[in-house]
Amino acid sequence: MSSKRIPFVFFSMIVFISCQDGVIPKPNAKLRLEYPQTEYRTMETDHFKFLKNAESVFKQQDAHAMTLDYPSMKGSLFITYKEVDDNIDKLLSDAQKLSIEHSAKADGILPHPFINERDKVYGTFFEVVGDAASQAQFYVTDSTEHFLAGSLYFYTKPNYDSIYPAAVYLQDDIKKFMESVRWK
């Protein structure tokens, strides 16, 4: 091989190697959580009935305090029942104030009104966005006799990015709860 061809061959190899696709970094991985297909069952208390997720465990402390526990997601929905006795304004104010108290740590609170004229169930679902203690709050009432309020909590330090998939799953359960409430 002539001495003039060596630099040409060397240069050609460098060009050939450098023209290949560069290293492309892999995209960040996203956590893939799969939750079971939701199956609902009817539950009854002394004052109302509703549909609950079959994955949840219903615990009733007394006629006015109950919990839907979600052990696999380390979360609970705390529910309180109160009778309306010319105090609907105070009950509504207290329920809305509880949601506002979480706004200090939250990035936002999105209210979603709920109206079921046929069954006389009216309320609001509050979606809490951000690192707040509760990721959802709600209340429903018939405005004359019954009032229910609830809050969703996870048994962990609030980190919205980490609990977001579970929060969305349980928020759907809360909406189903609200839609299925029937007063006795």
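The values are calculated or read from the model by the stated rules, or taken from the named source; none is laboratory data. As the structure is a prediction and not an experimental result, all values here were calculated from the model. Every residue, glycine as well, gets a Cβ built from its backbone with ideal geometry; the counts of neighbours run over all protein chains shown.
Taking the criterion of being under 11 Å from residue 137 (Cα atoms), surrounded by fewer than 19 Cβ atoms within 10 Å (Cβ to Cβ) and modelled with pLDDT under 95, the only residue of the stretch 76-96 that qualifies is 96. When residue 110 is tested against (1) in a strand (DSSP E or B); (2) surrounded by 14 or more Cβ atoms within 10 Å (Cβ to Cβ), exactly one condition is not met: (2).
Of all residues in the stretch 167-184, those that are hydrophobic (A, V, I, L, M, F, W, C), surrounded by 18 or more Cβ atoms within 10 Å (Cβ to Cβ) and more than 20 Å from residue 34 (Cβ to Cβ) total 4.
Restricting the stretch 80-99 to residues that are in a helix (DSSP H, G or I) and of a type in the set (Asp, Glu), which is nearest to residue 63 (Cα to Cα)? Looking at residues that are in a helix (DSSP H, G or I) and of a type in the set (Asp, Glu), I get 94. In the stretch 127-149, the residue that is surrounded by the fewest Cβ atoms within 10 Å (Cβ to Cβ) out of those that are closer than 17 Å to residue 65 by Cβ and modelled with pLDDT under 95 is 134.
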